[in-house]
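Scroll down for the structure; my scribbles are underneath it.
The values are calculated or read from the model by the stated rules, or taken from the named source; none is laboratory data. Not measured: the values here are computed from a predicted model. Note: ideal-geometry Cβ built from the backbone for every residue, glycine included; neighbour counts use all protein chains shown.
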Amino acid sequence: MHRASTQVSAPLDLAKNPQVPKMEHLRVDPSSETRDRHQQIRDTALHLFVTEGYGNVSLRQLAAPLGLSAGSLYNHLESKQSLLFEMINDHLQDLLKSVEREVRKSKDVLAQLRSFIRVHIKVHIQHQSLSLLSNLELRSLDAASRAEIKLLLKRYRSCLSNIISKGMQSGVFRSQHLPTAIQTVLAMLSSVAFWFDETLPLGSSQLTTQLTAMVMGALST
């Protein structure tokens, strides 16, 4: 069984992150037969962990919107810690599979990089709260769970590293320092989850086009 971390995370400011749904939108009907109870718990936990911080959320707070008692949650999950790991792991597994699949379809290094960027942005926008959770609460996982997630992140980073490395070797990219190039690209792309808002005049398609151009420009200098 995973042990809960004692680290307390800072709450997320909803005013600065309008994409995170308000709590009343996540209240569920306990009598509903159309949704899986475990998924209901995940949805509620995702909202609370992102807006309040994992360490600030008690089992009682998690159970209340579902009409459950704190103790009855253990009928549906092993622990709060295992729930956090499950959500981050599932999200990163899906992201990694999507990126690797699309990159394999691309023939040359420029097409591969465009595919990587497109999928990364798409997932970070469509699953914005999960992307935020994965960025903000990795530190709240216990050591064993954090090690598993870091293996996924290493594999994801390697996918980008292989693309940039091939581009540098072939002269397509002029960047002289691979680790710096990788970190710059990932930081630029992953920040989307923190500031993207559907009310912005720049849509996801335009955003992808602009960020792709920015990444290409950064790698060509």
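Quick notes on this structure:
- Qualifying residues in the range 137-152 (those that are touching a helix residue (DSSP H, G or I) at 6+ places or on another chain (Cβ under 7 Å) and aliphatic (A, V, I, L, M)) - the one farthest from Leu189 (Cα to Cα): Leu141
- Residues satisfying the stated conditions in the range 131-183, i.e. among the charged types (D, E, K, R), under 30 Å from Ser82 (Cβ atoms) and assigned to a helix (DSSP H, G or I): Arg139, Arg146, Glu148, Lys150, Lys154, Arg155, Arg157
- For the range 162-181, residues that are surrounded by fewer than 16 Cβ atoms within 10 Å (Cβ to Cβ), in contact (Cβ under 8 Å) with a residue 12 or more places away in the chain and small (Gly, Ala, Ser) total 1.
- Contact map, the range 71-90: residues that are touching a residue at least 24 places away in the same chain (Cβ under 8 Å) and in the same structural domain as Tyr156 (by TED's automatic domain parsing) paired with residues that are aromatic (Phe, Trp, Tyr) and surrounded by fewer than 21 Cβ atoms within 10 Å (Cβ to Cβ), Cβ distance under 6 Å, separation 6+ or inter-chain. No pairs are found.
- Among the residues making up the range 93-115, those that are modelled with pLDDT of 95 or more and either within 30 Å of Leu48 (Cα to Cα) or among the polar types (S, T, N, Q) (or both) are Gln93, Asp94, Leu95, Leu96, Lys97, Ser98, Val99, Gln112, Ser115.
- Counting the residues of the range 27-58 that are polar (S, T, N, Q), farther than 18 Å from His91 by Cβ and either surrounded by 18 or more Cβ atoms within 10 Å (Cβ to Cβ) or at pLDDT 90 or above (or both) gives 2.
- Test: residue in the range 111-121 that is over 21 Å from Lys166 (Cα atoms) and either surrounded by fewer than 16 Cβ atoms within 10 Å (Cβ to Cβ) or assigned by TED's automatic domain parsing to the domain that holds Gln169 (or both): yes
- Some residue of the range 67-81 being of a type in the set (A, V, I, L, M), crowded, with 19+ Cβ neighbours inside 10 Å and more than 30 Å from Ser165 (Cβ to Cβ): yes
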